[in-house]
Amino acid sequence: MLAIIIIVVVVILGLIFAVMYNGLVRLNVRTEEAWSDITVQLKRRSDLIPNLVETVKGYAAHEKGIFEDVAAARSAILGAKGPVDTAKADNQFQQTMKSLFAVAENYPDLKASQNFQELQGELTDTEDKIQASRRFYNSAVRDFNTKRKTFPTDIFARRLGYTEDKEFFDVPDSEQAAIHEPVQVKF
């Protein structure tokens, strides 16, 4: 009778361990998939940039400094490693793109160009996809980190090699203050 109880307890503990392990693996894979979605969209956006720059160059060839900044920001995005570096590079890229579009505002013929409008539409669509991918990734990271820290999974997580939280893809701390500042409207 004691042997049967011991076997049942061991089987139950084994099942609990298997469920926790499979849950961690599933969530880990989901975060990797979500990160892959972000990198695919960032690559797609980076692939659109040379066409956009060439279109703007046709109208504003003397704006060389901005084109160099765009190229540098594009390279930084493609070379970024991990969510924190990618978020910083993406923020710099966004600032650079604002400058490029500000230049485009000075050229009515450029703004009316069918090619420019199509590229701008593609960039807008890609930005929307990046935001959706970011939300999916951050959700997967939240689920993984919560599971890893929740009892009793936290006991086994360390032994299984899941010792650190996944990083969120957030706005860098240096940019947080700008989010909380009131928007200045002047007439």
Options Ile5, Ile49: the member that is part of a helix (DSSP H, G or I), farther than 23 Å from Phe156 by Cα and either among the small types (Gly, Ala, Ser) or modelled with pLDDT of 95 or more (or both): Ile5
Cβ-Cβ under 9 Å pairs, at least 6 apart or on other chains, segment 37-48 side without any contact (Cβ under 8 Å) to a residue 40 or more places away in the chain, far side of a type in the set (A, V, I, L, M, F, W, C): Lys43/Ile77; Lys43/Leu78; Ser46/Ile77; Ser46/Leu78; Ser46/Phe93
Leading residue by the ranking (modelled with the highest pLDDT) among those in segment 118-148 that are exposed (fewer than 15 other Cβ atoms within 10 Å of the Cβ) and touching a helix residue (DSSP H, G or I) at 6+ places or on another chain (Cβ under 8 Å): Ser139
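Before we move on, is Thr39 part of a helix (DSSP H, G or I), under 14 Å from the mean Cα position of the chain (by Cα), under 30 Å from Lys111 (Cα atoms) and hydroxyl-bearing (Ser, Thr, Tyr)? If you could, list the steps in order and put the result at the bottom.
Working: part of a helix (DSSP H, G or I): yes; under 14 Å from the mean Cα position of the chain (by Cα): yes; under 30 Å from Lys111 (Cα atoms): yes; hydroxyl-bearing (Ser, Thr, Tyr): yes.
Answer is yes for this residue.
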Test: residue in segment 120-130 that is under 30 Å from Glu32 (Cα atoms), in contact with a Pro (Cβ under 8 Å, 6 or more places away or on another chain) and part of a helix (DSSP H, G or I): no
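Among the residues of segment 8-36, write down those that are among the charged types (D, E, K, R) and touching a residue at least 60 places away in the same chain (Cβ under 8 Å). Step through it out loud before you land on a result.
Filtering segment 8-36 for residues among the charged types (D, E, K, R) gives 26, 30, 32-33.
Matches in segment 8-36: Arg30, Glu33.
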Candidates Leu52, Leu78, filtered to the one that is crowded, with 17+ Cβ neighbours inside 10 Å, closer than 24 Å to Asp125 by Cβ and not charged (D, E, K, R): Leu52
Test: residue in segment 38-48 that is more than 19 Å from Phe169 (Cα to Cα), of a type outside the set (Val, Ile, Thr) and out of contact with any strand residue (DSSP E or B) (no Cβ under 9 Å at 6 or more places or on another chain): yes
Residue in segment 120-130 that is aliphatic (A, V, I, L, M), farther than 30 Å from Thr31 by Cα and more than 12 Å from the chain's Cα centre (by Cα) present: no
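Can you find a residue in segment 95-105 that is on the phi > 0 side of the Ramachandran plot, exposed (fewer than 13 other Cβ atoms within 10 Å of the Cβ) and not aliphatic (A, V, I, L, M)? Can you show your working first?
Taking segment 95-105 as the starting set, the residues that turn out to be on the phi > 0 side of the Ramachandran plot are none.
Taking every residue of segment 95-105 in turn, none turns out to be on the phi > 0 side of the Ramachandran plot, exposed (fewer than 13 other Cβ atoms within 10 Å of the Cβ) and not aliphatic (A, V, I, L, M).
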Candidate set: segment 149-180, residues that are within 21 Å of Ile130 (Cβ to Cβ) and part of a loop (DSSP other than H, G, I, E, B); chosen: the one modelled with the lowest pLDDT: Pro172
Cross-chain or 6+ apart pairs with Cβ under 8 Å, segment 59-71 first and closer than 12 Å to Ala104 by Cα, then part of a loop (DSSP other than H, G, I, E, B): Tyr59/Tyr107; Tyr59/Ser113; Ala60/Asn106; Ala60/Tyr107
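The values are calculated or read from the model by the stated rules, or taken from the named source; none is laboratory data. In this text, all values refer to a predicted model and were calculated from it rather than measured experimentally. All Cβ positions, glycine included, derive from the backbone under ideal geometry; neighbour counts span all protein chains shown.
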